[in-house]
Amino acid sequence: MTSNLHILEHPLATHKLAILRDKDTPSALFRTTLAQLSWLLAYPTFAALKLTPRQIDTPLEPMMTASLPDPAPCLVSILRAGNGLVDGFSQLCPEASIAHLGLYRDEDTLQPVSYYTSVPQDIATRQVILADPMLATGGSAILGMEKLVEMGVTDIVFACLVASPEGVASLHDAFPDLPIFTGCLDRELNEKGYILPGLGDAGDRIYGT
């Protein structure tokens, strides 16, 4: 679809997605599997992180290496389901700050509504990974991007577990240069804006609601 869409192709990712898709998977196993899949997705997503040169002393000699910059990257969760991805990402990159954007989709209009924002004061100086397990209509991701751009953020990637062609197209229409990293690209949306075959409402399945 676009050179900025990166789909995770790995046997373990396919296996773990099958567990997440199964309607009989209980919430506890869903959360555990989502965390494991987030570790796999973190590898390509974090590949764009910038490093700064640093000199250290090994037990044998000095050397030049590189480390994450200061301030460190920021992981931005689109609440509430985004926490499932960000929690896994933060285990691999504990240096990162964690921010939250409270967005929900109006079930009648399918449009996103913002109700909460909590980010570092210096977020404009950080690399940002915006995370939401489902890229369905693209409305929440677009609103999240707009809010980050308004804050002055210029270096952003988007990560999700499952994407729809419609959501990818909408997000890239709004932000053509945005890299999207996803576990899979599903077939389509239904009339209610849910991804098919999908895995249902990720937030409800994570928290058992």
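Among beta bridges identified by DSSP and lying wholly in the stretch 62-149, the antiparallel ones come to about 40 percent. Between Leu79, Leu49, Trp39, the Cα set farthest toward the positive side of the dipole of the chain (charges on each charged residue's Cβ, about the Cα centre) is that of Trp39. Here the chain yields Rg over Rh of 0.99, to two decimals, using C-alpha coordinates and the Kirkwood radius. Of the two radii for the stretch 53-134, the radius of gyration is 1.18 times the Kirkwood radius, both from the alpha carbons; that is the Rg over Rh value.
A straight chain from Arg54 to Cys93 at 0.36 nm per residue would run longer than the Cα-Cα distance by 12.2 nm.
An ellipsoid equivalent to the stretch 100-148, defined through the eigenvalues of its Cα gyration tensor, has semi-axes of 22, 12, 8 Å when rounded to whole angstrom and sorted largest first.
Taking θ as phi - 60° and the Karplus parameters 6.51, -1.76 and 1.60, the scalar couplings of the stretch 158-163 work out to 10, 10, 8, 7, 10, 10 Hz in sequence order, x denoting glycine and proline.
Can you figure out the FRET efficiency of Ala28 with Asp173, using R₀ = 35 Å and their beta-carbon distance, to the nearest 0.05?
Values: r = 38 Å, r/R0 = 1.09.
The computed FRET efficiency comes out at 0.35.
The chymotrypsin sites (Phe, Trp or Tyr not before Pro) of the stretch 1-105 include none that meets both conditions, a loop assignment by DSSP and at most 11 other Cβ atoms within 10 Å of the site Cβ.
Here the alpha carbons of the stretch 1-114 define both size measures, Rg and Dmax, at 18.2, 65 Å. The equivalent ellipsoid of the stretch 2-59 has semi-axes of 32, 17, 9 Å, largest first, where each one is the square root of 5 times an eigenvalue of the Cα gyration tensor. Spatially, the stretch 1-44 and the stretch 133-171 are offset by 18 Å when compared through their Cα centroids. What the phi angles of the stretch 101-109 give under the Karplus curve with 6.51, -1.76 and 1.60, with θ = phi - 60°, is a coupling list of 10, x, 10, 9, 9, 5, 5, 8, 8 Hz, glycine and proline written as x.
Report the calculated FRET efficiency for Trp39 and Thr154 (r = Cβ-Cβ distance, R0 = 45 Å), to the nearest 0.05. For Trp39 and Thr154, the calculated efficiency is 0.95.
Throughout, read-outs are computed from the coordinates displayed, never taken from laboratory work. Only a predicted model underlies this, so the values are computations on that prediction, with no experimental measurement involved. So basically every Cβ, Gly included, is an ideal-geometry build from the backbone, and we count neighbours across all protein chains shown.
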